Structures are given as structure tokens and as C-alpha cells.
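Reading through the C-alpha cells given below for one structure.
The values are calculated or read from the model by the stated rules, or taken from the named source; none is laboratory data. Only a predicted model underlies this, so the values are computations on that prediction, with no experimental measurement involved. Keep in mind that these areas ignore ligands, DNA and RNA; they rest on the heavy atoms of the full protein, side chains included. Shrake-Rupley method; radii C 1.70, N 1.55, O 1.52, S 1.80 Å.
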Amino acid sequence: MPENTRPPAPEHAVWRVAPDGGRPEGRRCAHTGAVPPPLPHPGECEDCAPGAPGRVRLRRCTSCGHVGCCDSSRGRHAYAHFEETGHPVAVSLASDEAWAWCYADEVFLVRDGG
């Protein structure tokens, strides 16, 4: 299924901090309630030139809907958006990923039961 046509997660998904073997246990996130399900998107980073090479994965800001490329991409526009706006959480838009990242608390978030 193309990345921009993935069916959205359940509307009332509950998010929690994911276990992370590289970080101490007991990490918390103050923003888990701010994570809506992914929505359809244009399939392009809003800040990269159209068709520009070097994009790896896309992330959507849960505060305003901005779509930016991930930290493994040349532009790192999702992170730049966080630095510029302070919007803490971005949801992965990749069809094979079902998680979000909280830049403020530096934790992965996953849906409960999924």
C-alpha cells in the first residue's frame, strides 16, 4: 500500500512510552495525549524541493500537521520544525511504522495494544 494511503489508526488510540533498551527505564512523556492517528498526506516533505533526493521517511507534527522528512534524511525537516516551533510530537507516516517520537522528552511512543 502506498505510504500516503495507509488507513488511519483508531480515532481514540491510546499512546504510551515504548521500552527502549538504550535508555533508562521509567522515562515519561507529558505529551502522549497529544498524539492523533496519522492522516492522509501529500507524500512529500513540505520543506524539501519537490522531487528532491535524500528523503528517507516522513513525520507529521501532531500540533499543526506539518509534514517533514526524518533525521535520516538530508534536510532533517521534522526535527527543524520542532526546533523552530517547539511542537513536541511527530507521528511516523511510513506504512510499516506505527509510532511517534516526542522530541521534547526524547522517547518513542506506541499505541497500546498495537
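Evaluated at q = 0.15, 0.19, 0.23 Å⁻¹, a Debye calculation over the C-alpha positions of segment 40-92 (equal weights, vacuum) places log10 I(q)/I(0) at -0.32, -0.52, -0.76.
Once all protein chains are placed together, Val110 keeps about 30 Å² accessible to a 1.4 angstrom probe. Note on Asp105: accessible area is roughly 50 Å² with a 1.4 Å probe, heavy atoms of protein only.
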